[in-house]
1. How much length would be gained if the chain were fully extended between residue 87 and residue 114, taking 0.36 nm per residue of separation minus their Cα-Cα distance, in nm to one decimal?
2. Order 234-245, 254-265, 187-198 from most to least packed using the mean count of other Cβ atoms within 10 Å.
3. Please report the carbon-and-sulfur percent of the accessible area for the chain; probe 1.4 Å, protein heavy atoms only, DNA, RNA and ligands left out.
4. Taking the simple approach of a point 7 Å from Cα along Cα-to-Cβ for both residue 211 and residue 149, what is their distance in nm?
5. Can you pull out the trypsin sites (Lys or Arg not before Pro) in the range 55-121 that DSSP calls coil and that have at most 12 other Cβ atoms within 10 Å?
6. Give me the one-decimal nm value for the distance between modelled label points at residue 301 and residue 140, 7 Å along each residue's Cα-to-Cβ direction.
7. So between residue 293 and residue 156, what do we pick up on full extension, going 0.36 nm a residue minus the alpha carbon distance?
8. Using a 1.4 angstrom probe, figure out how much accessible area the chain has per residue, in square angstrom, rounded to the nearest whole.
Amino acid sequence: IDFKTTMASVEFPSIFLNASGVNCMTVAEMDEMINAACTGGVVTKSATPQQREGNPQPRYYQLEHGSINSMGLPNAGFPYYLDYVTREHAKPTILSVAGLQMSDNIELLHKIQASEYTGLTELNLSCPNVIGKPQVAYDFEETDALLAEIFSFYTKPLGVKLPPYFDLVHFDQMAAILNKYPLTHINTVNSVGNGLWIDIDTEKVVIKPKQGFGGLGGAMILPTALANVRAFRQRLNPSIKIIGTGGVTSGKDVFMHLLCGADMVSVGTALLHEGVGIFQRLTDELATIMAEKGYTSIEDFRGKVQDF
Ligand SMILES: O=C(O)c1[nH]c(=O)[nH]c(=O)c1I
């Protein structure tokens, strides 16, 4: 079974992508994603106008059922990633960008609009780890104003990376804003912001930045990720596709994301731990589940989760 899919008239050979931030900081990592079996392409690390070192280490820690990170947007800088995605590759790319303030986002999108790049771009509105900067996507007015400004000039394929929401009214409010704009997709969820973990032997937090506060990922956030995928699928125009991210470690998790309506699925924490071989495993496990259920295509069940 091939799991190819099309988003914004870009054909992805597989539904699987890396979660931005994992396996996508350097040309070598991005090439590895593209060259790996069963990947749809690569999403770049969120790019800022200039190169950034990020937060002091340790800034990532593996938990029993997931991860906590406060990387602080380390990246090689916007020109590095624009150069990479503008070159020819065997599979599609998604250029992720994250300004540190609104003017950065506008500036970066003007540059992409003026560039040779014709592929997809994803505006990260949900980085939880830039010290002193709140997540844009938790400010509905700012998000609306930003998208209005962007779509006054931007005509290339654009999606947004969203944080998790935890209130049904917030899903309504955010979806109403997103439905006003010709977005190609949303990518949901980013890490669950500002969790905390403690090593009881040392009685210290486990990451250095922000007194130990960091974004949560991995298996423990799967229920939150599934809720966000389903909630937005129920509310968004069908023209806005959904990349489901969060908590994927197995074919069962992929199946649940697809039942909730995801068009593509990306993997972060588990990719970091297992390497790019995970995509063949997820493909095989999903194919096995589908065969057991008599499904021959993802369309047989995508978005068809049933109420109790
Ligand atoms: O700290 C980071 O670099 C980071 N970490 C995350 O968990 N999500 C993000 O969007 C980002 I930009």
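1. Extra length available between residue 87 and residue 114 comes to 8.2 nm.
2. Descending packing order for the listed peptides: 254-265, 187-198, 234-245.
3. Answer for the chain is 54 percent, counting heavy atoms of protein chains only.
4. Distance between label points: 3.1 nm.
5. For trypsin sites (Lys or Arg not before Pro) across the range 55-121 that sit outside H, G, I, E and B with at most 12 neighbouring Cβ atoms in 10 Å, the list reads 87.
6. 3.5
7. On the way: separation 137, 0.36 × 137 = 49.32 nm, distance 3.89 nm.
That works out to 45.4 nm of additional length.
8. Numbers: 13120 Å² over 308 residues.
With all protein chains present, the chain gives 43 Å² per residue.
The values are calculated or read from the model by the stated rules, or taken from the named source; none is laboratory data. Values in this document were obtained by computation on a predicted structure and should not be read as measured data. When we count neighbours, we look across all protein chains shown, and the Cβ atoms used for this are built from the backbone with ideal geometry, even at glycine. Accessible surface is based on the protein model in full, side chains and every heavy atom, while ligands, DNA and RNA are left aside. Shrake-Rupley method; radii C 1.70, N 1.55, O 1.52, S 1.80 Å.
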